[in-house]
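Only one structure is covered here, and it is reproduced in the block below.
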Amino acid sequence: MEKQPRLLCSQLSVGGRVCDVTLSSSFLSWREVVDSSKKRTAANVYGPLKAAGSHCVPVCEIIAIQETEEDCPSTNVGKWQKVPQNPAGSNQHAFTVSYVERTLKHRWRCSEVTLHCPDRKLCLQWVQAIREQLALLTIRPKRLLVYINPHGGKQRGKRIYEQKVAPIFSRASITTDVIVTERANHARDHLKTEADLKKYDGVVCVGGDGMFSEIMHGLISRTQCDSGVDQSCADETLIPCGLRIGIIPAGSTDCICYATVGCNDPVTSALHIVVGDSQPLDVCSVHQNNAFLRYSVSLLGYGFYGDVLMDSERKRWMGPARYDISGVKTFLSHRYYEGTISFLPADGSVGTPRDKIQCRSGCNICQLPSADKAVYKVEDKNKDVWQVIRGKFLAINAACMSCACPRSPKGLSPSAHLADGTADLILVRKCSRLDFLRHLLRHTNKNDQFDHPFVEVYRVRQFRFTPRYQETDSELDLREAEGSSSKHFFTQICREHQACSCAPTHSSWNCDGEILPHGAIQVSVQGEQKWSKNIPMGNSSSEVVQS
Ligand SMILES: Nc1ncnc2c1ncn2[C@@H]1O[C@H](COP(=O)(O)OP(=O)(O)OP(=O)(O)O)[C@@H](O)[C@H]1O
Ligand SMILES: CCCCCCCCCCCCC/C=C/[C@@H](O)[C@H](CO)NC(=O)CCCCC
Ligand SMILES: [Ca+2]
């Protein structure tokens, strides 16, 4: 720890023990004063007493400070009265500091420490000094617009917010305007046309990935509309949004929260929001010919994940279990899809989907200047060369981030980066049910899900997919030229007689958990630099923050 100039240093009492308490611009620390004349006991002979009595909290993780008034029963009136607590026998005044405590599995909790002072003047001096340091943390939000989806996940959004999140925001003196949505797209439409965004430092989404997607679409569309940018043009440079999005997980998969924070815990997310943590995310724009369809930040999946979603939407009443039922049903149906994928590979400097590097807050690859990442260097021979793959696939998935979630703790693409300007394109070719099951099960354990001969994975900047039934005549002719003449004859018949029994099977795209019925799409990963301000709050990895 770097030595910081002390702003304040006093002997105060903590839990009845006298401590040296120090405030610097970076840390608040307290250490029990050990009486060196005290006889050494078996417990402290190797020094554990001093270590055990020593605490250090980064100022940036202090949630709030307040003067403490403690209640105790008055003997004469039988009522509770406010009197200062005096555990050490001499001090009359106290203040309480609430701060972030890291627990297991990336979870954060709000802890408190009460420090007793010998006089009120000193107590006020401490409160003032800590408040002054907190006031310097300008990245912290003060006013938030909160949208709650009462029907997401297990329908607990409202309760989660009221019981777990609102008390933390209130302790941190964050003011909120709360809207409980009344219909799908309520939040999106409100953000797009009505909300007075100048009033807020951020938007909070209480719900799942679908709700996040609504809010993201609302904010992006509003920003482009205000700036006169045409979203339907695939090559248009998008204007960054000025507001961050915080996610309080209350959905069924909560993949965007899990993949950014490391867990789907509402208290952890609320604390990340309070301290002003942020993480840029890649956003994919999805178009069909020059028509804008949607944005995606997690999964774009055709075939297996599209079919799971389509089936599961009919079972919404089941809550999160719908995905398990539809997952098994879709797996058993074992449908495959034919089509053509073309993609622009990313530059090697952003790593590869199989390099086993995990993206974390402060990730080196995501912090590369945009000129060095995902963009080809002039001397690169493959500059802007589209690669084309045709075939029969069980699943075509593009993951802009790992897509880690409780069902798959390392995710669909464990080494995908949050903000590198690329997506990992995973092609699962037609294979036996047993092989596909082996592949799927590897999402739930430590084995490499890409280590199968029928799975290919590429890191890409852009891709296009055309299902075979939507291929143009010239594309089909090209394909047929590659195949046999009898096949050509057969295809001709099918194209002319749509009702025949060998009509091609269609899937839909699963776009962050929303159905996209269009088969043929063009996808571009918008470089993170365009979205550096459109960032979810509550999503840095605690491991990195600690280091
Ligand atoms: N008041 C509402 N009534 C009905 N639907 C709503 C309402 N508010 C939002 N929605 C829609 O509910 C859909 C699902 O919500 P959400 O993402 O919160 O939960 P989920 O689907 O259970 O979780 P996940 O997306 O993580 O799998 C979203 O597409 C959103 O547009
Ligand atoms: C037969 C046993 C198979 C076991 C295989 C488990 C594999 C799990 C991989 C999970 C990948 C999740 C990707 C995230 C997608 C989200 O954007 C989306 C919206 O929330 N969720 C789903 O589509 C929900 C997708 C749920 C799929 C089951
Ligand atoms: Ca990415």
Theoretical FRET efficiency, 1/(1+(r/R0)^6), r = Cβ-Cβ of LYS356 and ARG109, R0 35 Å, to 0.05: 0.70
Spin-label model distance (nm) - GLN163 vs ASN445, 7 Å beyond Cα toward Cβ: 3.6
Cα-based shape type of the stretch 205-318, given that a ≥ b ≥ c are square roots of the gyration tensor eigenvalues and the cut on a/c is 1.5: oblate
Rel. contact order, % - alpha carbon contacts under 8 angstrom, at least six apart, the stretch 405-464: 44
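State which entries of LYS105/LYS356; LYS105/LYS199; LYS154/LYS356; LYS105/LYS158; LYS329/LYS410 exceed 31 angstrom in Cα-Cα distance in the structure shown.
Working: LYS105/LYS356 20 Å; LYS105/LYS199 35 Å; LYS154/LYS356 34 Å; LYS105/LYS158 25 Å; LYS329/LYS410 24 Å.
Beyond 31 Å between Cα atoms: LYS105/LYS199; LYS154/LYS356.
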Rounded, prolate or oblate (a/c below 1.5 giving rounded, otherwise prolate when a/b exceeds b/c) for the stretch 395-452 by Cα gyration tensor: oblate
FRET E, pair LEU7, GLN66, Förster distance 22 Å, beta-carbon r, rounded to 0.05: 0.70
Paramagnetic reach from LYS154 in the stretch 191-229 [backbone N under 18 Å; point 7 Å along Cα→Cβ]: 206-209
Length gained when the stretch LYS198-HIS186 is fully extended (0.36 nm per residue, less Cα-Cα span): 2.4 nm
Gain on full stretching of the segment that runs from PHE454 to ARG31 - 0.36 nm per residue minus C-alpha separation: 146.4 nm
Using a Förster distance of 30 Å, the FRET efficiency for GLU101-ALA135 (Cβ separation, nearest 0.05): 0.85
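Read-outs: derived from the displayed coordinates by stated rules, not from any lab. As the structure is a computational prediction, the values presented were derived from the model and not from experiment. Positions of Cβ are backbone-derived with ideal geometry, glycine not excepted, and every protein chain shown enters the neighbour counts.
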